[in-house]
Amino acid sequence: MRLILLGPPGAGKGTQAARLVEKHGIPQLSTGDMLRAAVKAGTPVGLQAKSVMDAGGLVSDEIVVGIIADRISEADAKAGFILDGFPRTVAQAEALDAMLAERGMMLRAIVELKVDESALLSRIENRARETVAAGGTVRADDNPAAFEKRLVAYREQTAPVSDYYAGRGVLKTIDGMAPVDAVSEALDAALAR
Ligand code: AMP
């Protein structure tokens, strides 16, 4: 099963993706996680991406498309994958279409988690608090200034990705404001449709 999860930062994509990983035994491919790993490891990609990420902007299409092209070719992604945080621009969606066609891969679903923007900042603040409570390190971009920029990037560059798929009649939308278990159920139903 190959699936794309769309939605603004704080919509719950990561939480739902983790549950789908358990359920279906396929990997979650989060470009955000991969980029953070590259930053931590100090790779050339990480060095290039760090300041953009910290400020809440988008890393170049070229970098993330390259990362995903490599990652979906790995052995553990053969049976399927969940894309979380990619594609984030229409150019990335077009590049993804091309790489899937090239590999003869089909998507099962493209699901958008719809969330009220007013709820997002408090969700991000909660995530930061929970991370601290668990002894972890808060993401450099989980602060109000970077978050505002991430929302602008979402509105201007990522919302059109939903339109891109909706225009092709392949977008499924579910209510991301519902409790986590209810969102999981709606997601399962959307995947079964
Ligand atoms: P995330 O963990 O998905 O919230 O991503 C964290 C940050 O990584 C984003 O704010 C961007 O700076 C960068 N990033 C992640 N995925 C992408 C992508 N598909 N395109 C561009 N930048 C991305």
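The values are calculated or read from the model by the stated rules, or taken from the named source; none is laboratory data. This structure is a prediction, so every number in the text was calculated from the model and none was measured. Using ideal geometry, Cβ is built from the backbone for each residue, glycine included, and neighbour counts are taken over all protein chains shown. The protein model used for the area step is the full one, side chains on, heavy atoms only, and it has no ligands, DNA or RNA in it. Shrake-Rupley method; radii C 1.70, N 1.55, O 1.52, S 1.80 Å.
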If Pro87 passes every condition in (1) open to solvent by less than 30 Å² (accessible area, probe 1.4 Å); (2) touching a helix residue (DSSP H, G or I) at 6+ places or on another chain (Cβ under 9 Å); (3) more than 9 Å from the ligand (Cβ to nearest atom) but one, which one does it miss? (3)
Restricting the first residue to region 133-147 and requiring it to be more than 15 Å from Lys50 (Cβ to Cβ) and of a type in the set (A, V, I, L, M), which pairs with a second residue that is near the ligand (Cβ under 10 Å from one of its atoms) and open to solvent by less than 50 Å² (accessible area, probe 1.4 Å) meet a Cβ separation below 9 Å and a spacing of at least six or different chains? Ala145/Ala55; Ala145/Gly56
The lone condition Glu102 fails out of (1) in contact (Cβ under 8 Å) with a residue 12 or more places away in the chain; (2) more than 10 Å from the ligand (Cβ to nearest atom) is (1)
Going by the conditions given, is Ser60 in contact with a strand residue (DSSP E or B) (Cβ under 6 Å, 6 or more places away or on another chain), within 8 Å of the ligand (Cβ to nearest atom) and at pLDDT 95 or above? no
Restricted to region 19-56 and to residues being open to solvent by less than 50 Å² (accessible area, probe 1.4 Å) and among the small types (Gly, Ala, Ser), the residue nearest to Lys78 (Cα to Cα) is Ser30
For the condition closer than 18 Å to Pro9 by Cβ and either over 16 Å from the mean Cα position of the chain (by Cα) or aliphatic (A, V, I, L, M) (or both), what is the one hit in Asp97, Asp141, Asp163, Asp116? Asp116
Could you list, in sequence order, the residues of region 134-193 that are among the basic types (Lys, Arg) and in contact with a strand residue (DSSP E or B) (Cβ under 6 Å, 6 or more places away or on another chain)? Lys172
Residues of region 122-132 being in contact (Cβ under 8 Å) with a residue 60 or more places away in the chain and away from the ligand (no atom under 14 Å from the Cβ), which ones? none
The helices (runs of 4 or more DSSP H) lying wholly within region 137-193 that contain at least 3 residues that are open to solvent by 30 Å² or more (accessible area, probe 1.4 Å), over 20 Å from Asp61 (Cβ atoms) and within 16 Å of the ligand (Cβ to nearest atom) are 144-153
